[in-house]
Every structure is written in structure tokens, then in C-alpha cells.
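Let me begin by presenting the structure, written as C-alpha cells, before commenting on it.
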Amino acid sequence: MIKFVLSSSLAILLAGCSSFSKRSGEVHDDISRQNYSSAIERLRPLALSDSKDQLVYLLDYATVLFMAGQYQESAQAFIKADKLAEIQDYHSLSKVTASILLDEGQVQYKGDAYEVILINAYLALNFLMLGQLDDALVECRRINEKLTRYKNEAKRDYEQSSFARYLAAVIWEAKGQFTDAYLDYKFARDIDPSIPTIGEDLIRTAFLSRRWSDLKKWQAEYPDIKMASEWKNKNYGEIVYLFARGRGPIKQPHPASHRVPKLYPRSTLVQGFNVKILNGAEAVLNEIPSVPVYSVEEAAIKTLDGDYAGLIAKRAVGVGAKAVIADQVRQKSEALGALAWIGMNLVDQADLRQWSLLPKDFQIARVYLPAGKYEVSADAIGYANESTYSSSEAIELKPRKKALRFMGLYR
């Protein structure tokens, strides 16, 4: 045991978390340059190889595939990540001992609660982009099923996901099932009434589902929102852009205890997005700013902060075990006992592994237009109201259909 503790402490001190941090930095550099193919090649062997860090690499790998528009491959990777996160822990005795005496980084990473939930959100987005609407709805339901299970098992007040409800409502609308869409928008509002578009969403779907008393209620609550004739016009469709903005919070050692992690916000160069409907190369027929629908940053920070007491309690067990081991060593050698105590505590650092490519938030821009072909530009807008990135494409909008697009900018 003495040799195990001393040799393990030395190995961890030498290795640290440099490998994971270095790989993440290289991938982020690729992403910032929109070099998705390079990021995919860096991550693929790590994501597909068994290791204690496999899940974090697999999550980033699946995310890059999604950014690159490889939705089928991304979905397959997220399904594997979902299964890996759900597998019960069967660690060897040496790894369990190392995690208690040394640090959590010695066992397989299983994902924080907010990460495990967002796996299904990305699966829903993948299926949505593939046009597999029923599969997307299944993933939306699984998000709230997981949250209910966590609430029951952890005895924590996990809230239902407003994003899952909102996304499900968009999908129901795309299927033309307006009653289901209305109910999910209503659930989303119950969870988060600050969603900027929620009043219009409720009024539109209450009207389309012929829920007249509900329509009257929401019109009274949102008097500035007017009925739009295009909502019921069979010759109109809707272009819907979903955006992922910036980078999610980063794990650092907690200021109250270096043994557990805390999430901190990261700055971003992008405040939002503008979608422009163009007539030819220059003329702008319509311009729609994006609005935030879900803050990954806020949800992640709130969830991990809520886990703080449990994390501290777990590490307290480790501190007690260290004291016992150090005392046993000290009985044979005072110097080695002191060295063991210092070494074990020195390497007992917060586990900073994380899904590093989560966005700061998700935003949406929606516009109803007559069916037809359009040139559409999506611009990322900086804090000086300048365009920092632009992407354009031709979109054919069909009557009573939704044209769904996704754009992410992780800067």
C-alpha cells in the first residue's frame, strides 16, 4: 500500500491533466478556424478508444460532427456516449483506491448531470436536422424522464427542461400537430416565462389549434403581439434557424476547496445573430434578429453548484482515508509518513474533465414567408454590432412546411 500510494502520487504529479487540456486546446483552435475536419481527425481515435477519458472525447467528437453537418454520424456518436454515461461503474480495486486516496481523475469519467441531459438535446437536434421528427421527439421526452429520475434518486430539485419542451413544440409544429405544440410551449413557459418569443408562440398555436379561451387569455397577457395573417395562409412556410453561441462555462478548482470543481462563465465575441432574406445579391427583403431560448451556461453552473455538498462529502471521505494511510506509514517512518500525507494531498485536485464544446446558449430566429426559393444569409453579430461571420445558402420553402437550419459559432 505504501509503495502504491507513493508511486501513484508521483505518476499523477508528473502526468497531471496536461494531455486532456492540450487536446482540448488544439481542438478549440481548429473549431475557431472552422476547420472541422482537423478537429474530427484529432478526436476520432480518442473517442473510439477505451480509456478513463473516453466520454469527454466522445462528447466533443460528436459535437464537432454535428457542427460539420454530419448529422447521422453525430447521432451515432451521441448514442454511444449516452450508453457509456449510463453504464454502471465497475472499476478495478486499484482505481477505486486511487480515486479515494488521490483524485477523481483516476476513474472513468461518467459526465456531470447537466452533460448527461444535454446528450439527448443534441440527439434531438441531430434527428431534427435529419428530418426524423418522431425520433427527435423521443429524445425530448427522454430529457425530462432523466431529470425526473435524477430528482427521485438524488433527492435534488432538478427542474424540467424548458429547452426540451420548446424544442418539442417546434417539432410538433413542423408535424402540423398544433395542439401538442401549444401544450409544450405552455410547459416551456411554466418552466421559463422569460423566453422572448413565448407569447407569440402561445398565441399562434392557440389560434391554430382552435383553443379560443386560451387564445383570449394570452392575447390579454401579451397585448403587444398581433395576429399574423400568414399563420393560417396555406401558401406560407417558415424558415427556422437554431444557433449555438459562444463557449459554455469552464471548470476550474472551487475557491472554497481545490479538491472539487466549479464552473465559470467564458466571454464570447458574439452577442447574437441576424438572418437576412435576400432578393438578389444586395436587397434585403427581411431581417430577423435571433433571441435566446436556453442558457446552457446558467443551467450548467446551477446544476454543478447544487452538487457541491455531495462532492465535498465524497472528498472528505478521501481526506479521512489519507490520514489513516499516512499514520500507518508514519508508524514505520516519520519522514515517509509526512511525505505520503503531503503527496496524497498535493495530487488530490479537482476533476476538471468536461464536455468542452458545449455552447454558452442556444438562440432562434423564425420568419414566415410565401413558399418559394430564397437566398438566406445568417450573420454572427459582435458587440460593436458588426458582422463577425457570415454564411449564406439557397433555401426552398414549401407551403405549410418549416425549413430548419443550424449554425454554431464557438468564439
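The values are calculated or read from the model by the stated rules, or taken from the named source; none is laboratory data. What you see is a predicted model, and the numbers here were worked out from it, not measured in a lab. Methodologically, a virtual Cβ is constructed for each residue, glycine included, from the backbone with ideal geometry; neighbour enumeration extends over all protein chains shown.
Structure notes:
- Residue check for Lys146: free of Cβ contacts under 8 Å to residues at least 12 places away in the same chain and either surrounded by fewer than 24 Cβ atoms within 10 Å (Cβ to Cβ) or in contact with a Ser or Thr (Cβ under 9 Å, 6 or more places away or on another chain) (or both): no
- Residue in the stretch 60-73 that is among the aliphatic types (A, V, I, L, M) and not in a helix (DSSP H, G or I) present: yes
- Considering each residue of the stretch 229-243 in turn, none proves to be among the small types (Gly, Ala, Ser), in a loop (DSSP other than H, G, I, E, B) and touching a residue at least 40 places away in the same chain (Cβ under 8 Å).
Here's the yes/no breakdown for (1) more than 17 Å from the chain's Cα centre (by Cα); (2) crowded, with 19+ Cβ neighbours inside 10 Å:
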position: Lys234; (1), (2): yes, no
position: Ile239; (1), (2): yes, yes
position: Ser257; (1), (2): yes, no
position: Val260; (1), (2): yes, yes
position: Gln271; (1), (2): yes, no
position: Ile288; (1), (2): yes, no
position: Val296; (1), (2): no, yes
position: Lys302; (1), (2): no, no
position: Gly306; (1), (2): yes, no
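- Thr268 modelled with pLDDT under 90, among the β-branched types (Val, Ile, Thr) and closer than 29 Å to Tyr122 by Cα: no
- The number of residues in the stretch 65-74 being surrounded by fewer than 24 Cβ atoms within 10 Å (Cβ to Cβ) and either of a type outside the set (Gly, Ala, Ser) or on the phi < 0 side of the Ramachandran plot (or both) comes to 6.
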